Amino acid sequence: MTEGTLLQNWRLRLSSITARSIAWVATFIAGGIGLLTLIASAFDIPLLTDLASCCQGICLCTMIGPLVFALQLALLETYPTAVRRFGILNAPGLLVGGLGLLSVALYAVTLFTGWESPAEDIGVLKMFCLPSTRQGMLTAVFLVFSSGALGLLASDHRRADDLAHVLMAPVAIGCYLVLISRLLGTDALYELLGVRVTLKTAVAFGALGAAVLCFHPRTWLTHVFTGARGWSLMARRLVPVVLLVVPLFIWLRIRGQREGYLSVETADTLAGLGAVSCLLGLLWLTARTAKQSDKKRLEAEAQYRRLFDTMQEGFVLAEAVRGEKGETVDFRLLDVNPAYEAMTGTRREEVVGEPAADLFPTNEPWLDIVGRVAGGGKSSRVERFMAATGRFYEVLYYSPRQDHVACVFTDITERKRLEAGLLSATHRSELLARTAGELLKAPDPQPVVQALCGKVLEQLDSQIFVHFVADEGSGRLHLSAHAGLSDEEARGIEWLDYGAGICGMVAREGRRVVVEHIGVLPDPRAEMVKSFGVRAFAGYPMLGQDGKVLGALAFGTRNRDAFNEEDFSLMNAVADEVTVATIRMMTEENLHKLTWMMTALNSSTHALIRARDEASYLEDVCRITVEDCGCAMAWIGFAEDDEGKTVRPKAAVGAREGYLAALDITW
């Protein structure tokens, strides 16, 4: 925050505090005058009577009016919610205003008809409405206007403050004229229908008017003086001249003529000099205020231009182009800032004055949004992808004035990239968490591996995956699962030697192998997968706890030439999960085999104890092997020490009749 901004904020705070202080002082003055007048009249205290000035003949309503209004205003400013909730608190003020309105009506009847109502016809109202007891015409108007203003302030209506100021402004001006009339010694300004307004009445209602104006200084009426624009500054400078200097010259002229100090010619000359002096003063104040306003305007324009040129967001100001029926058909660019030039790669001279239809794609809904905002609609914030730059922007549309729209462009490409990465990471984490449980629970993890790798292909934007497992019997790799390959292509790589191709190298070396840009850079390792149309291929080993290679898992893509780190992270996590599932399956198989062996050994021991001869024992061993170990057939034979080295079967279970005899078994 700049030093100028801080100073302006402190000035606003100080002016607000000063206005409320003045309002409270004026409220106490109005209430104090009413209270002193009421006490002086009730108890006939000479000192207070003298201070009140002309207290004799003052009606009761005039005495209590300023006091009631001051109390009502103080309650309204201190406890506004309670006053607005309980309308009974406003009743005394409305009652006093009603009595004032009744007095105005009686004065009007008397003025136009000449009729005076006798006391016996009025009843209890004779305390307020008889010609000898009612307040003056001007005072009654003050009562009516003050009561209406305070009632509006208590209503909490949106425009109540404005209307209250409209009612209190004549009261304040009337009281000022009464004071000036007292100063000049003329009756014309404070005597109406033969009844004068006392000095204390003018001071009390003038203070009340000032309090109302100062408690709520943000209305359209007082904004002329409290605003920050040049004409408000000029008005504040002219107020002291109008209120003090002009009455001073008039007083000098009238006083001089009455006392004989000035002749008529001299008084006229003095009046002319005063008028010229006031005019010159007004001209000087006007010129000085205009100079200060121009200086502030130039400083504000320079500050705006610096902000406009240095802001990181792109800015566009456009004007609506209307059709024959008044509809928005296009927009013409009026100004752009350097940030927008950098975003779009265009120069200001190339776009300013040009129609927007020639600069932006016509298939985007920007015209409807901009047309609605420029026509007085609410501001709108949308996200757009600009194909010309290949980047995402958040665009704020708002209307600074009718048929104009301003657009603020904020580059959100990086935020979009982070959001997409976060969303992708979330999906990948959910995928891994869900399939990890399935792999651990499935009795045969192979179908789960097939489904998992199919989902991983979608996340990686890949089209091929292969899963090889090590076959200890053949010493080769066997294709266990695949996706993205035809049956013929799968048969071609069903068996793979260690070191052959990328997966063979992965299994032989026990480390990750990545080959990218296959279609551009020649690599002998990728000849096998190159025929599949693969442009990037990554293989991961499946390592057991002892470092033994259990197989290989690989992914390939036809749409791009390389993988990123997020892809490698996902592939590595999938390989780890598949490895854990494979180790679990192999451990369970070994445990089952060990269990069968122990069961068969235990049963064979019992059979040996129960055996009557060798033939029955061998027969029991074959039966135990088939029944307990899950074998389809078991037989036992003895090697003969003959020339043909034949093997003669001694016992068999599960073999067909004559099957072993037909075999030529040797050792």
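The values are calculated or read from the model by the stated rules, or taken from the named source; none is laboratory data. Keep in mind it's a predicted model, so treat the numbers as computed, not measured. Counting neighbours? That spans all protein chains shown, and the Cβs are built from the backbone with ideal geometry, glycine included. The area values use the complete protein model at the heavy-atom level, side chains included, leaving out ligands, DNA and RNA. Shrake-Rupley method; radii C 1.70, N 1.55, O 1.52, S 1.80 Å.
Binning at 10 Å from 0, report for region 545-667 what percent of all alpha-carbon pair distances ends up in each bin.
The percentages, shortest bin first, are 11, 24, 20, 16, 14, 11, 5, 0.
Separation between the residue 82 and residue 558 pseudo-spin-labels, each 7 Å from Cα along Cα→Cβ, expressed in nm?
Going from the residue 82 label point to the residue 558 one covers 8.3 nm.
Relative to the present Cα-Cα distance, how much length would full extension add between residue 569 and residue 110 at 0.36 nm per residue of separation?
The residue 569-residue 110 span can extend by a further 155.2 nm.
Which distance in Å, rounded to a whole number, links the C-alpha centroids of region 502-529 and region 547-590?
Going from one Cα centre to the other spans 15 Å.
Report in % the part of the accessible area of region 582-630 that belongs to carbon and sulfur, leaving out ligands and nucleic acids; probe 1.4 Å.
After summing per-atom areas, the C and S share lands at 62 percent.
Give the Debye-formula value of log10 I(q)/I(0) at each listed q (0.13, 0.25, 0.27 Å⁻¹), with one equal scatterer per alpha carbon of region 507-562, two decimals each.
After summing over all Cα pairs, the log10 values are -0.35, -0.91, -1.00.
How high is the FRET efficiency between residue 357 and residue 378 when r is their beta carbon distance and R₀ equals 30 Å, given to the nearest 0.05?
0.80
Sort out for me the Cα centre separation of region 640-667 from region 451-475, rounded to whole Å.
Cα centroid of region 640-667 versus Cα centroid of region 451-475: 45 Å apart.
I need the calculated FRET efficiency for the pair residue 585 and residue 306, taking r as the beta carbon distance and R₀ as 45 Å, to the nearest 0.05.
0.05
Per-residue accessible area for residue 574 at 1.4 Å probe radius, Å² rounded to 10?
Spelled out: residue 574, probe radius 1.4 Å, area about 0 Å².
In the structure shown, do any of 455/593; 548/593; 325/378 have a Cα-Cα gap over 26 Å, and if so which?
The pairs that break the limit, which is 26 Å between Cα atoms, are 455/593.
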